[in-house]
Amino acid sequence: MTTILIMVPILAVSSVCVFLLLMVLRLINEMNFLKLLACFGQSGSQCAPMPVTWHQRPRTYHDGYINIRTHEPLELDCSHCAIVSNSGQMIGQKVGPEIDHSSCIWRMNNAPTKGYTEDVGRRTTIRVVSHTSVPLLLKDPSYFFKETNDTIYVIWGPFRNMRQDGKGIVYNMLRKVVENYTGAKIYITTEMRMNYCDSVFKRETGRDRVQSGSYLSTGWFTMILAMDACEGIHVYGMINDTYCTTNGFRKVPYHYYEPGRYECDEYILHENAPYGGHRFITEKRVFAKWSKLHNITFSHPDWTLP
């Protein structure tokens with residue numbers, strides 16, 4: 001009698017477990033569940049169960065980017081990303097509200113939003129910054145590291161400036177920032193990741209970056225990280241590799257927030273510099289190639305891709 005009394009709750013628990021398992025299986029593949037019910041007792045290819053397909057999300061953790069305070073890797077997982085160029089092409093576009101509806105909004109270096117929100121939007125999710133632009137951020141630290149303290153900052157630069165032994169000038173600046181603004185989310189690009197970005201340049205162009213006298217642009221580092229973190233990318237205000245040789249191209253400032261220098265003049269100057277130039281035109285040619293492999297679109301101006 002005692003054995004029977006013990007077995008009753010065991011059987012009840014087992015029944016509940018089986019029921020829950022069936023419910024989980026149904027939730028995992030509800031379409032197969034319904035189709036199997038409709039086809040119960042029937043045969044034929046039209047009743048073959050549908051294959052289970054999984055939607056692969058981008059990696060959440062990015063080991064090439066380390067938090068300067070906690071030393072943890074960057075955690076970033078976006079759906080639709082808007083990359084906003086610093087170009088004067090953004091002037092008068094009035095796409096700010098459209099940009100702000102994106103799940104993640106990317107900006108570069110010290111490009112401001114205040115005073116330009118109608119054209120470039122208000123929100124900033126992640127800001128990719130060159131080591132040379134860090135002093136520009138420090139001219140207005142309250143704006144960049146206090147008012148926008150939800151922004152993730154990714155700083156890239158060579159080892160000599162980012163070294164952590166007390167001799168890295170830029171790293172030392174960033175350490176002071178996180179001391180003064182404890183909410184600042186600042187990540188530095190690891191030396192291994194820097195080397196990886198160089199290797200991508202060589203693979204895509206056939207040229208060694210150092211030997212060719214080239215400096216990678218912040219746009220290059222932004223695109224590489226965004227392709228890891230985003231399901232889809234919409235780039236605003238970036239010109240393609242042939243824009244500056246096209247009749248009737250729009251003559252705009254190099255930066256939408258800095259009058260004086262013109263975009264195409266800077267592009268051509270850097271492309272042809274024997275040493276120390278950003279190969280903007282070459283990079284745009286590579287971005288066009290990447291757009292065929294990833295979900296990347298360009299607008300304002302639109303790109304005509306071969």
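Bear in mind that the values in this text are calculations on the coordinates, not laboratory data. All values derive from a computational prediction rather than experimental measurement. Here the Cβ is made from the backbone with ideal geometry for all residues, glycine too, and neighbour counts use every protein chain on show.
I need the P(r) histogram for region 218-271: all alpha carbon pairs, bin width 10 Å from 0 out to the longest distance, whole percents.
19, 45, 29, 7
Quick one: grab the alpha carbon gyration tensor of region 77-215, order the square roots of its eigenvalues as a ≥ b ≥ c, and give me rounded if a/c is under 1.5, else prolate or oblate depending on whether a/b is larger than b/c.
oblate
From Cα pairs below 8 angstrom and at least 6 apart in sequence, can you work out the relative contact order of region 61-299, rounded to a whole percent?
After rounding, I find 23 percent.
For region 126-185, what D do you get in µm² per second when you plug the Kirkwood radius from alpha-carbon pairs into Stokes-Einstein at 25 °C and 0.890 mPa s?
212 µm²/s
Once you treat every alpha carbon in region 93-155 as an equal point and sum by Debye, what is log10 I(q)/I(0) at q = 0.15 Å⁻¹?
For the requested q values the scattering log ratios are -0.43.
Using the 10 angstrom Cβ neighbour count as an exposure proxy, how do 220, 106 rank, fewest first?
The order, fewest Cβ neighbours first, is 220, 106.
Toward the positive end of the charge dipole of region 61-299, about the Cα centre and with charges on Cβ (Lys, Arg +1; Asp, Glu -1), which of 125, 70, 197 goes farthest?
After comparing all options, I get 197.
From zero up to wherever the largest Cα-Cα distance of region 215-306 sits, split into 10 Å bins and tell me the percent of pairs in each.
All Cα pairs considered, the percentages come to 15, 48, 32, 5.
How big is D for region 61-299, in µm² s⁻¹ as a whole number, if Stokes-Einstein is applied with the Kirkwood radius of its Cα pairs at 25 °C and 0.890 mPa s?
Answer from the Stokes-Einstein relation: 134 µm²/s.
Straight-line reach from residue 289: which lysines fall under 19 Å, measuring Cα to Cα and dropping same-chain residues less than 8 apart?
Leaving aside lysines fewer than 8 places away in the same chain, those within reach of residue 289 are 202.
Taking residue 139 as the anchor, which lysines have their alpha carbon closer than 28 Å to its alpha carbon, excluding any fewer than eight residues away along the same chain?
94, 114, 167, 176, 185
First check a/c for region 151-258, with a ≥ b ≥ c the square roots of the eigenvalues of its C-alpha gyration tensor; if it is under 1.5, answer rounded, and if not, answer prolate when a/b is larger than b/c or oblate otherwise.
prolate
Which order, highest average first, do 71-79, 126-134 follow once you tally other Cβ atoms within 10 Å for each residue and take the mean per peptide?
126-134, 71-79
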